[in-house]
Amino acid sequence: MARSTYSLKDTLQYRLAGASALLGVSSNTMRTYADNAGVDIKRAGQLKPGAPAVRVFNPDQIFQIAAWKRGQRLPERRPVVITVDVIKGGTGKTTTSVELAIHLQLMGLKVLLIDLDIQANSTQMFGYEPDLTIEEAGAYDLTSDAIVENTFASIMLPYIASKAGARGGMQCPPANEIIKMPFGLTGPHLIPSDPFLGDVESALATATGQRELYIRRILESNYGFDAKSYDVLIFDCPPSVSFTSSSAIAAADIVIAPIRLDMFSIKGLSRLMGEINTLEVEYKLKPELIILPTHYAPQFSRISRMQQTLTAYREMMAPCVISASEQFPKSLDQYLPLTLQSPTCPASKEYRVFSEFVYSRIIARGKK
């Protein structure tokens, strides 16, 4: 059967321990959820004759149960916008964006991840290969759903043109042609990226007016898609100074800065903080900044030195770190987030802890 994404997510199966880890509950609670959520969970013996008669979950079913949990106890709230950015490559921005999207969805929030980086690594980790064309899909046993035909540029470029007074020009495609659902309706959704997303940067460079506020205005007006149908929007930004990133920061309630513990990342953090301060002066906007140390390895002396440097920012520091791990690059090779591949591994557990902290900040905002 042809696949709707490039990944082999249909091969992922979880027994009770793995399913429980994904939802952050006990095995007994997971049994109760499986019985009450109305999701058809197969037994291993039904999938493979002779196997033990234990429940076997797949990713789509896990997200269905998470959505059922949401219906049980979470109130509706306005969407919280999270921008993941720091002006330095290799800090873990994409991994943080993807893992956060997965975990927040598993916690019962409805999440849309928006890839703003032309390298499209978030897009790849959600199972899409931007280089593939519709003509090539059959050779890889893929359906047309696996092809990236629209990106955030499909929304931004018509919006920018409309603000410039252009008439009868570029039209925004329907939302269902822009938004991807790699794990079904109840999983995290994605607006993918491809190399042509760079056209947005050129358009913003020549735009007039308050171009830093363009993404904010798009979300407020539901232009191109219904932003208010989501609890959380996550922007994964490119690792460089750009008008696109500035606009995503201006739209944010929370900015997450993954910081690899080296001096270049610290400089990138300083640039980011300067940009946030400029937004406060010019537009009275001040998103909450959360600094997340990544690639943590306490055996290296430079890590201790960098930790000392970061004490100046301690009020903005996340109460956890993400350790260095060889598992993260492997997850990109499989076109699947690490948490879905290995829900009980140490790296997945660390991102679970961080996501719980971000979840608490989201809930706190909803109560204001």
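The values are calculated or read from the model by the stated rules, or taken from the named source; none is laboratory data. For clarity, every value in this text was computed on a predicted model and none was experimentally measured. Neighbour counts are summed over all protein chains in view; Cβ atoms, including those assigned to glycine, are modelled from backbone coordinates with ideal geometry. Keep in mind that these areas ignore ligands, DNA and RNA; they rest on the heavy atoms of the full protein, side chains included. Shrake-Rupley method; radii C 1.70, N 1.55, O 1.52, S 1.80 Å.
Note that the range 339-354 has calculated 3J(HN,Hα) couplings of 4, 6, 7, 9, x, 9, 6, x, 5, 5, 5, 5, 5, 4, 4, 5 Hz, one per residue in order, obtained from phi through the Karplus relation 6.51 cos²θ - 1.76 cosθ + 1.60 (θ = phi - 60°); glycine and proline are x. Near V255, the amide H atoms lying under 5 Å from its own belong to T83, E288, L289, I290; only residues 5 or more places off or on other chains count, and H is placed 1.01 Å from N. What the phi angles of the range 144-160 give under the Karplus curve with 6.51, -1.76 and 1.60, with θ = phi - 60°, is a coupling list of 5, 4, 7, 8, 8, 10, 10, 9, 5, 4, 5, 9, 5, 5, x, 5, 4 Hz, glycine and proline written as x.
Close amide H pairs (under 5 Å, H built 1.01 Å from N) link R260 with T294, residues at least 5 positions away or on another chain.
For the range 163-203, the square roots of the Cα gyration tensor eigenvalues, ordered a ≥ b ≥ c, give a/c of at least 1.5 with a/b no greater than b/c, which places it in the oblate category. Full extension of the chain between F196 and K267 yields a length gain of 22.7 nm, computed as 0.36 nm times the residue separation minus the alpha carbon distance. Per residue, the solvent-accessible area of the chain (1.4 Å probe, heavy atoms of protein chains only, all protein chains present) comes to 44 Å².
Taking amide H as placed 1.01 Å from N in the peptide plane, K110 has its amide H under 5 Å from the amide H of D231, V232, each at least 5 places away in sequence or on another chain.
How many percent of the accessible area of the chain is carbon or sulfur, using a 1.4 Å probe? Walk me through the intermediate numbers first.
Numbers: 8380 of 16340 Å².
Carbon with sulfur: 51 percent of the solvent-accessible area.
The peptide list 276-285, 97-106, 175-184, 320-329, put in order of mean Cβ contacts within 10 Å with the highest first, becomes 97-106, 175-184, 320-329, 276-285.
Tell me which of T83, F357, A251 sits at the most positive position along the dipole axis of the chain, charges placed on C-beta atoms (Lys, Arg +1; Asp, Glu -1). Farthest along the dipole direction, towards plus: F357.
Using C-alpha pairs below 8 Å separated by at least 6 residues, the relative contact order for the range 100-182 is 21 percent. Taken one residue at a time, the phi angles of the range 184-191 give Karplus couplings (6.51, -1.76, 1.60, θ = phi - 60°) of x, 4, 8, x, x, 9, 9, 9 Hz. Gly and Pro are set to x.
Label sites at E356 and R15, each approximated as a point 7 angstrom past Cα along Cα to Cβ, lie 2.5 nm apart.
Near Q341: Cβ cut-off under 10 Å, other residues only, Lys/Arg at +1 and Asp/Glu at -1. The net charge is +2.
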